[in-house]
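A.B. asks: Before I ask anything, let me first share the structure, which is written out below as structure tokens.
The values are calculated or read from the model by the stated rules, or taken from the named source; none is laboratory data. Keep in mind that this is a model prediction, so the values were computed, not measured. As a convention, Cβ positions derive from the backbone with ideal geometry for all residues, glycine included, and neighbour counts pool all protein chains shown. Heads up: the accessible areas ignore ligands, DNA and RNA and are worked out on the full protein's heavy atoms, side chains in. Shrake-Rupley method; radii C 1.70, N 1.55, O 1.52, S 1.80 Å.
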Amino acid sequence: MTTILIIEDEPDLRELVSHQIEAAGMTAIGAGTGLEGLALARSKRPDLVLLDLMLPDIQGVEVCRRLRAEGATATLPIIMLTARTSEFDRVLGFETGADDYVQKPFSNRELILRVQAVLRRRGPQAEDDTVLTAPGLQVDTARHQVRVEGEEIKMTALEFRLLVTLVSRKGRVQTRQMLLEDVWGLSPDMQTRTVDTHVKRLRERLGKAGDAIETVRGVGYCFREAQDAR
Ligand code: CA
């Protein structure tokens, strides 16, 4: 059974969302504070977290950072719930490692669709039952595992998606706009700086294998194809 953790301090909204989650055939668990939410994320191992940005104790952004910093919850899908609408906050949400975000007020249908979309991107898919490789790098898309020189590398769901997108299109230049649409799933009105930030972090995580991600000046990025000679 798919379990969704809802971290939201407004009881009415928390209840409404829980009800919708359960009506869609999933299990809902609720937390009214950030700290309670963190404790439940560790103990209950939910499949996805709906995280309110404004919480009474610690902010949603901080909850997100802490979840990402811990091994057990590092790749847990997170959807931010936010009343703020400025692009700054949208970008901020993504840069803290959230997978998606939904603006309040949202329709029940929109929320459930976003939850299902994020779960689908994360879940094992038949067509995804492949291991993508590059020199020193193995990306197991079914198991959501990345290995560099045989050693497993932890990364967020978003970084993983970015890596899969780049490696599966080896040798082809991906513009920042293309990456924003395909990896973030948003229209390209978001700042392209977000792509640069995540590519930088991805390169750092991959170490030497990250050198294969080339910057194409003024355009975007390209995962270099292996040289046949070696
Ligand atoms: Ca709130």
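A.B. asks: Size of the dipole of the chain about the Cα centre, Lys and Arg at +1 and Asp and Glu at -1 on the beta carbon, nothing else charged, in debye to 20? If you can, show how the numbers build up before the last one.
C.D. replies: Numbers: 32 positive and 35 negative charges, 144 e Å.
The dipole magnitude comes to about 680 debye.
A.B. asks: Using the Cα atoms of the chain, I'd like the radius of gyration and the largest Cα-Cα distance, Dmax, both in angstrom.
C.D. replies: Computed over the Cα atoms of the chain, radius of gyration and Dmax are 18.0, 64 Å.
A.B. asks: Per-residue accessible area for Thr33 at 1.4 Å probe radius, Å² rounded to 10?
C.D. replies: 40 Å²
A.B. asks: While we're looking at this one, here's another question. Heads up, I need the accessible area for Val183: 1.4 angstrom probe, whole protein in place, Å², nearest 10.
C.D. replies: 0 Å²
A.B. asks: Any idea what the dipole of the range 131-228 comes to, in debye rounded to 20, about its Cα centre with Lys/Arg Cβ at +1 and Asp/Glu Cβ at -1?
C.D. replies: That gives a dipole near 140 debye.
A.B. asks: Quick one: angle between helix 193-206 and the longest Cα principal axis of the chain, in degrees between 0 and 90, rounded to 10, please.
C.D. replies: Roughly 70 degrees between the two axes.
A.B. asks: Just check the range 3-122 against the gyration tensor rule for me: Cα atoms, a ≥ b ≥ c as the square roots of the eigenvalues, rounded for a/c under 1.5, and otherwise prolate or oblate depending on whether a/b exceeds b/c.
C.D. replies: Because its axes are fairly even, with a/c under 1.5, the range 3-122 counts as rounded.
A.B. asks: Still on this model: What does the accessible area per residue of the range 3-122 come to in Å², with a 1.4 Å probe and no ligands, DNA or RNA counted?
C.D. replies: Each residue of the range 3-122 exposes 43 Å² on average to a 1.4 Å probe.
A.B. asks: Given axes a ≥ b ≥ c from the Cα gyration tensor, I'd like to know whether the range 140-230 is rounded (a/c under 1.5), prolate (a/b larger than b/c) or oblate.
C.D. replies: Because a/c hits 1.5 or more and a/b fails to exceed b/c, the range 140-230 counts as oblate.
A.B. asks: Ok, one more. Please name which of Val199, Gly171, Val148 has its Cα lying farthest along the dipole of the range 131-228 towards the positive end, using unit charges on Cβ (Lys, Arg +1; Asp, Glu -1) and the Cα centre as origin.
C.D. replies: Val199
A.B. asks: Also, quick follow-up: I want to check the label-to-label distance for Glu15 and Arg109. Put each point 7 Å from Cα in the C-beta direction and report it in nm to one decimal.
C.D. replies: Here the answer is 2.5 nm between the modelled labels.
A.B. asks: To continue, here is another question. Could you tell me the distance between the Cα centroids of the range 9-45 and the range 189-214, to the nearest Å?
C.D. replies: Cα centroid to Cα centroid, the span is 33 Å.
A.B. asks: Follow-up. Rounded to the nearest percent, how much of the accessible area of the chain (1.4 Å probe, protein heavy atoms only) is carbon and sulfur?
C.D. replies: 47 percent
A.B. asks: With every protein chain in place, what's the accessible area of Val173 (1.4 Å probe, Å², nearest 10)?
C.D. replies: 70 Å²
A.B. asks: Shifting gears a bit: Sum -39500 (n - 2.57) across every DSSP H segment of at least 4 residues in the chain, then divide by the residue count to get the 222 nm mean residue ellipticity, nearest 500.
C.D. replies: Roughly -11500 deg cm²/dmol at 222 nm, from the helical runs in the chain.
A.B. asks: Take the chain, mark every one of the GluC sites (Glu not before Pro) that falls in a DSSP loop and has at most 16 other Cβ within 10 Å, then report the longest stretch left between them, sites excluded.
C.D. replies: After excluding every exposed loop site, the longest remaining stretch is 71-148.
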